[in-house]
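Okay, structure first, notes after.
Every number here is computed from the coordinates shown, using simple stated rules; none is lab data. For clarity, every value in this text was computed on a predicted model and none was experimentally measured. Cβ coordinates were reconstructed from backbone atoms using ideal geometry, including for glycine residues, and neighbour counts include every protein chain displayed.
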Amino acid sequence: MSPDRYVVAGLAPVRSSWFTEVSRWATMGALPIEFLKCLSAEELRALLAGGRPLSAVLVDARHPGVDRDLLASIARASAARLVVVEPADVTDWQDLGASVVLGAPVHREELLAALAAHATPIESVPAGGLQAAPPAPTGGWLAPLISVIGSPGAGTSTVSAALAQALADDPARHDQVLLADLARRAHQGVLHDARDVVPGLPDLVEQHRTGRVPVAETRALTFPVPGRGYRLLLGLRHPGQWVAWRAGAVTASLESLRRSFRLVVADVDGDLEGEAETGSFDVEDRNRLARTAVEASDLVVVVGSCTSTGLFDLVRGLADLRRHGVAGARTLVTLNRGPSSGRRRAELTRALAELTSATTAADPHLGPMFLRSRRGIDEVHRDVVRFPASFSGPLAATIGPLLDGGLPAGPRRPGAEPQPRRIEPGSLGHRSEIAS
């Protein structure tokens, strides 16, 4: 193999004319490439996972397996992403991660120039190997995200809906708060008496596989909730729909929601296990919605009940959040159906502190906050009327000030740069100390 030869993988539909032409150029020596033909996205992913160095991957935009996640997999393999598009294709493929876009039919000189500009000949790879391409920053403002999680039966869906109402009562956020149902077994559609099952989260994720959805179209996928002041994004129509989703599309969908509203409240599952804990990528993909939301959250509200098993599940959930990298300063403990007795509340607070002392001593969580679920919450859900002030009021009183500046610096926004810090006199030491 000559030093200037490229190893290029190709993915295109069967009988694609340019696919055959590039293969013929490689065979005849008209192009200095070794061409590896793939007929399915799974075959290409297996090639990328095999560890063989690739200079570039040439894909046809018409192939159903070509999306932002496939391009991200190619980028992680340090290969250039060359996308061949038809004249009528208006998709912004470079926004999805393409290195260069080539028009069909492919011309030999154009392909060679693209390889020279974006690909690395395999024989000239440095001893340390190819360096992974940095992820493309998405940039832009993102709204605060609050994730509400808890064990089944703790009232997570109720608390998340009441929280959305409480935050939407601020006139500046009216119709600008979104309640997103990100649970695998979605309940918000039932709790809001939604007569339609579409559109919803599956439609949003599918649209983000191969494009960026404008704000107006994203908002059109949500439903207004009259009387409560927020909008609702319906969740999965079947718990098994997650099998068709990949990480890039889910992340892009969540970012799109945060660009379309001023505040997002996410109702998510408490299961955060991934490949590191279980050795299974399937488990990580199953928990993708919850893991993605929690990682990006400015605040995580952990809901528990005031029973022995409720406290046990709450302590276990806090430990899972710590293992997932969520700081205690961005974790608010909420005890649903709390007692009215001050003495009983003090006992629960003390018991919770003792049970979590081993993990929260250096970085304590916020709370606990007690919510009293008086009679009538089921009727509130049935009639889709406003939650009583006795239930939603503590949420607004506690979380509102946190959003207005009481939280530490949250997760770094995509594309955001670290801000410069003032150097205090004397903090850098003396020249003699540095020299020694």
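For Ala113 and Arg15 in one chain, what is 0.36 nm times their gap in residues minus the Cα-Cα distance, to one decimal in nm?
Details: separation 98, 0.36 × 98 = 35.28 nm, distance 2.50 nm.
Going from the current span to full extension adds 32.8 nm.
What FRET efficiency comes out for the pair Asp89/Ala49, r = Cβ-Cβ distance, R0 = 22 Å, nearest 0.05? Display every interim value, and only then the final one.
Numbers: r = 28 Å, r/R0 = 1.28.
Taking R0 as 22 Å, the efficiency between Asp89 and Ala49 is 0.20.
Looking at the square roots a ≥ b ≥ c of the eigenvalues of the Cα gyration tensor of the range 145-406, which shape do they give, rounded for a/c under 1.5, prolate if a/b is larger than b/c, or oblate? It would help to have the intermediate numbers written out before the result.
Details: a/c = 1.71, a/b = 1.21, b/c = 1.41.
Oblate is the answer for the range 145-406, as a/c is 1.5 or above yet b/c matches or exceeds a/b.
Work through the residues other than Thr91 whose Cβ is under 12 Å from its Cβ and net out their charges, Lys, Arg +1 and Asp, Glu -1. The partial results should precede the final answer.
Details: positive: Arg62, Arg68, Arg209, Arg212; negative: Asp67, Glu86, Asp89, Asp92, Asp95.
Residues near Thr91 contribute -1 overall.
Rounded to whole Hz and in sequence order, give me ³J(HN,Hα) for the range 229-245 from the Karplus expression 6.51 cos²θ - 1.76 cosθ + 1.60, θ = phi - 60°, writing x for Gly and Pro.
For the range 229-245, the Karplus-derived couplings read x, 10, 10, 10, 9, 5, x, 5, 7, 8, x, x, 5, 5, 5, 8, 9 Hz, x marking Gly and Pro.
By counting other Cβ atoms within 10 Å of each Cβ, how are Ser73, Ser17 ranked from fewest to most? Numbers along the way, then the final one.
On the way: Ser73 20, Ser17 11.
With the sparsest Cβ surroundings first, the list reads Ser17, Ser73.
What length, rounded to one decimal in nm, is gained on full extension from Arg62 through to Val190, with 0.36 nm per residue of separation minus their alpha-carbon distance?
Details: separation 128, 0.36 × 128 = 46.08 nm, distance 3.83 nm.
Difference between extended and current length: 42.3 nm.
By the scheme Lys and Arg +1, Asp and Glu -1, what is the net charge of all other residues having a beta-carbon under 14 Å from that of Ala164?
Details: positive: Arg173, Arg228, Arg231, Arg262, Arg386; negative: Asp169, Asp170, Asp175, Asp181, Asp267.
Here the charged neighbours net out to 0.
How high is the FRET efficiency from Thr27 to Val283, r the C-beta distance, R0 45 Å, rounded to 0.05? Numbers along the way, then the final one.
Details: r = 44 Å, r/R0 = 0.98.
Calculated transfer efficiency: 0.55.
With label points built 7 Å along Cα→Cβ from the Cα atoms of Glu275 and Ala327, find their separation and express it in nm.
2.8 nm
Below 8 Å between Cα atoms, with a sequence gap of 6+, how large is the relative contact order for the range 37-129 in percent?
Values: 106 pairs, mean separation 24.4, N = 93.
Taking the mean separation of contacting Cα pairs over the length of the range 37-129, I get 26 percent.
List the residues, sorted by chain then number, that are 5 or more residues from Leu102 or on another chain and whose placed amide H is less than 5 Å from its amide H.
Val83, Val84, Val85
Could you give the distance between the Cα centres of the range 302-380 and the range 51-109, to the whole Å?
Cα centres, the range 302-380 to the range 51-109: 48 Å.
By per-residue mean of other Cβ atoms within 10 Å, what is the highest-first order of 254-260, 78-84, 336-342? Don't skip to the end; give the middle numbers.
Working: 254-260: 22.0, 78-84: 23.6, 336-342: 14.4.
Per-residue mean Cβ counts within 10 Å order the peptides as 78-84, 254-260, 336-342.
What net charge is computed for the residues neighbouring Ile399, neighbours being all others with C-beta under 13 Å from the C-beta of Ile399, Lys and Arg scored +1, Asp and Glu -1?
Values: positive: Arg173, Arg330; negative: Asp169, Asp170, Asp298, Asp404.
Around Ile399, the surrounding residues sum to -2.
Non-local amide H neighbours of Ala180 (under 5 Å, H modeled in plane, Pro and chain starts lacking H): which ones?
Leu233, Val265, Ala266, Asp267
Apply the a/c threshold of 1.5 to the C-alpha gyration tensor of the range 294-383 and tell me whether it is rounded, prolate or oblate. Spell out each step's value before the answer.
Details: a/c = 2.29, a/b = 1.37, b/c = 1.67.
Taking the square roots of the gyration eigenvalues as a ≥ b ≥ c, the range 294-383 is oblate.
Using every pair of alpha-carbon atoms in the range 6-124, split the distances into 10 Å bins beginning at 0 and state the percent of pairs per bin, rounded to integers.
The percentages, shortest bin first, are 14, 53, 32, 2.
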